[in-house]
Amino acid sequence: MHNDLNPLLEVQGLKTYFYTDDGVVKAVDGVDFHVNAREVLGLVGESGCGKSVTALSIMRLVDSPGKTVAGKILYEGRDLLSLDKSEMITIRGNRISMIFQQPQTSLNPVFTVGDQIVEVFQIHSQLSKKETWEKAVDLLQLVGIPDPERKAHAYPHEMSGGQAQRVMIAMALALKPQLLIADEPTTALDVTIQAQILNLLRDLRNHIESSIILITHDLGVIAEMADRVAIMYAGRIVEQTDVRTLFAQPLHPYTLGLIASVPVLGNVKEELATIPGNVPNLIDLPPGCRFASRCKAREKYGLSICTACEPDLLSVAEGHTVRCWLYQDGEGHKAPLSK
Amino acid sequence: MREQTNDKDLIQVEHLVKYYPVYGGVFRHVVAWVKAVDDVSFGIKEGETLGLVGESGCGKSTVGHTMLRLLAPTGGQVKFDGVDILAAPERTLKNIRRNLQIVFQDPFASLDPRLPIGESIAEGLKIHKIGTPQERFERVLEVLSKVGLEDYHAMRYPHEFSGGQRQRIGIARALVLQPQFIVLDEPVSALDVAIQAEVLNILKYLQRDLGLTYLFIAHNLAVVEHISDRVAVMYLGKIVELAGRDELFRNPLHPYTRALMSAIPIPDPTLKREQIILKGDVPSPLNPPPGCRFHPRCPQAMPICSQQEPEMQEAAPEQWVCCWLYQER
Ligand SMILES: Nc1ncnc2c1ncn2[C@@H]1O[C@H](COP(=O)(O)OP(=O)(O)OP(=O)(O)O)[C@@H](O)[C@H]1O
Ligand code: SF4
Ligand SMILES: [Mg+2]
């Protein structure tokens, strides 16, 4: 059994840096989170905070000038970072698969989508080409591609963004992965198409019992899809908890700011809350808490420690961790939640 | 039948049509037409925001661009303060143009990377030969402060700004000529939520402060609800529903509006609701379905829907809808 104490995937202290001409970009800089079996973990944060790099690091697909320089990625007890190339290919082939932010660019442009799905099947089964082709067409039908027999012969550029994304999901379904990483699978799509794709992801979880890491910046999608959520800011996780607690009792000032800034359908406010300022430069990070320059709570409570030392990601309640000085004392112990 | 526009409106759009030709064959003849905007009518009162919402390719940006004559219309009228912009001769148009501005989704693309942004903002003043260089500079500083930027920003180059700041520069540029009407074409779609909130607040503040009239184009219904007084919903080149903000969001009538609303994810995990999941994709405006264009995806389609096109009806006071469910046969 997998649970919080015995998760399917556990990422510990992950660091992935890019060695550029301008300096070292600390895109992922000590990330910790876990994913339990059959759950959807939402990974949320502003553009550039390191969500995609985290996903690519788990898949071991980070290219030069990027490099994973520290941490552990424990999958069923094994550290993925210690596997050799061929072992990793096997894992990617039948255990963990990924749907990318730009579906059209992640399909192979010179093969038909039918052939690409067939190829996935052939890795795992002894079926004939004809049988696998039929299965591929069935899958395209299942994910709602109109006229699947004809579309199986189409090339990726002949499909709309929503259709290409569905082909990616069809391939993921063919693999029946234990863990699916979906990086902004619906950001480029219209809402009515997004609703279709999210429904497919729900099926994947319910029928194949896959775990899903769902990367998005849309808190609405999180509320509808996720069981637990990890909030990321400037290369670090700042809060992790179950989805209901996240919306009912967010603790980190950044999480609070994010939730308050979203316009909610049917709940019009005269003015929206904002988070003034910008994300710090990942090449030249400030000392202390990375959110300090934008944090209203720090000002309100006059916390001077925030700009001097960085807080730890500390457990404040069962299954709820937060990285903020409001909830811990100088020795790294839990502070009373009086504030 | 009452009309959807009336003479008290600052902007009156009547039967606007925009077709794009599709060429083919050896002689590059026109073989077909993409019906991007197909008979669209609406009015906007002074000081009001009309939200125009719909999915990609439905023609909403084409409406905004054609209204300002950035694109040549195929047919229809657009009246600003009673004058038909689309028919006006170039001389009259020049004066009207000052009053009509646009802010694009990606202001970066429309800013010259080699010019300090102060100069880009002053460009409109130069074109219209307004003021001395000194006066122009002061006007630039004035609009910069209106959008929450500092004086020294005028000397900086576009690449030195974040997405939210660039969008403010785009707004400052539109404001510099003191327009009455601004088309906002997806002005916050590319921004993170916290930054989006900032830009939305600025737009609301400017409207109150300067009495501006907006056409706010977006695909995000929650954003449109937040900023609009009235809302028009577009599908495949047509407006399918047009109503006051509260009427539309409390009681959407068109099946497409209902589906669109139910597809918006709500950031509240305790909320359990029945979603309407539409089947299929948006068909191509090159070959729109006969009858009601929404009928192949409509959960409530009836036989007549595929045969005959419905007309706009005032189904409830000030709530217009184009659907056979609300029309006598
Ligand atoms: N190849 C690269 N070279 C240098 N820097 C990079 C490279 N790839 C990513 N980065 C940097 O790493 C940081 C994290 O990028 P990442 O793509 O993970 O962000 P993200 O959270 O996925 O953002 P988005 O929401 O926009 O997709 C960014 O500052 C980005 O500029
Ligand atoms: S540690 Fe300080 S600056 Fe950082 S989020 Fe908490 S209160 Fe704000
Ligand atoms: Mg990304």
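Computed over chain B, relative contact order equals 19 percent, with contacts defined as Cα pairs under 8 Å that lie 6+ residues apart. Rolling a 1.4 Å probe over the protein heavy atoms of the range A:9-63, with every protein chain left in place, gives an accessible area that is 44 percent carbon and sulfur.
On a per residue basis, the convex hull of the C-alpha atoms belonging to chain A measures out at 156 Å³. Measure off, as a whole percent, the carbon and sulfur share of the 1.4 Å-probe accessible area of the range B:252-329, all protein chains present. Taking all protein chains in place, the range B:252-329 shows 53 percent carbon and sulfur surface.
If you take the square roots of the eigenvalues of the alpha-carbon gyration tensor of the range A:213-339 and sort them as a ≥ b ≥ c, do you get rounded (a/c under 1.5), prolate (a/b over b/c) or oblate? Prolate, because a/c is 1.5 or more and a/b exceeds b/c. Only the Cβ atoms of Lys and Arg (+1) and of Asp and Glu (-1) were treated as charged; on that basis the dipole of the protein assembly as shown about its Cα centre amounts to roughly 520 debye.
When the Cα positions of B:Gln313, B:Pro267, B:Pro255 are compared along the charge dipole of the range B:252-329, B:Pro267 comes out farthest toward the positive end, with charges on each C-beta of Lys, Arg, Asp and Glu. If only the Cβ of Lys and Arg carry +1 and only the Cβ of Asp and Glu carry -1, the dipole of the range B:252-329 around its Cα centre is close to 340 debye. For the range B:209-315, the solvent-accessible area works out to 39 Å² per residue, with a probe of 1.4 Å and every protein chain left in place. The distance separating the Cα centre of the range A:6-40 from that of the range A:58-112 comes to 13 Å.
Using a ≥ b ≥ c from the Cα gyration tensor of the range B:252-329 (square roots of the eigenvalues), is it rounded, prolate or oblate, where a/c under 1.5 gives rounded and otherwise the larger of a/b and b/c decides, a/b for prolate? Judged from the Cα gyration tensor, the range B:252-329 comes out oblate (a/c at least 1.5, b/c at or above a/b).
Of the residues making up the range B:171-211, those losing 30 Å² or more of accessible area when the isolated chain is joined by the remaining protein chains, with a 1.4 Å probe, are B:Asp192, B:Val193, B:Ala194, B:Ile195, B:Ala197, B:Glu198, B:Asn201, B:Lys204.
Ligands, DNA and RNA left out, the 1.4 Å accessible surface of the range A:170-222 is 45% carbon and sulfur atoms. Partner lysines whose Cα lies under 26 Å from the Cα of A:Lys176, excluding those fewer than 8 positions away in the same chain, are identified as A:Lys51, A:Lys72, A:Lys85, A:Lys129, A:Lys130, A:Lys135, A:Lys151, B:Lys279. Annotation for the A:B interface, with buried accessible surface near 3500 Å², both sides summed [1.4 Å probe; non-protein components not counted]. DSSP beta bridges fully contained in the protein assembly as shown are about 65 percent antiparallel.
Contact order normalised by length for the range B:172-220, with contacts defined as Cα pairs under 8 Å and 6 or more residues apart; what percent is it? Reported as a whole number, the value is 56 percent. Take the alpha carbon gyration tensor of chain B, find the square roots of its eigenvalues, order them as a ≥ b ≥ c, and report rounded if a/c is under 1.5; if not, report prolate when a/b exceeds b/c, else oblate. Prolate shape, in that a/c is at least 1.5 and a/b is the bigger ratio.
The figure for A:Thr54 is an accessible area of roughly 0 square angstrom, using a 1.4 Å probe on the protein chains alone. Rounded to the nearest 500, the helix-only mean residue ellipticity at 222 nm of the protein assembly as shown stands at -9000 deg cm²/dmol, with each DSSP H run of n ≥ 4 adding -39,500 (n - 2.57). Mean partner shielding of peptide A:192-201, defined as the number of other chain Cβ atoms within 10 Å of each residue Cβ, is 5. Accessible surface for B:Asp106 stands near 80 Å², nearest 10, in the context of the full protein assembly shown (1.4 Å probe). Using only alpha carbon pairs under 8 Å that are at least six residues apart, calculate the relative contact order of chain A and give it in whole percent. Once normalised by length, the contact order is 19 percent.
Within 10 Å of the Cβ of each residue in B:281-287, the mean number of Cβ atoms contributed by other protein chains is 3.
The values are calculated or read from the model by the stated rules, or taken from the named source; none is laboratory data. Source: prediction; values computed, not measured. Cβ coordinates were reconstructed from backbone atoms using ideal geometry, including for glycine residues, and neighbour counts include every protein chain displayed. For accessibility, only protein heavy atoms count, side chains too; no ligands or nucleic acids. Shrake-Rupley method; radii C 1.70, N 1.55, O 1.52, S 1.80 Å.
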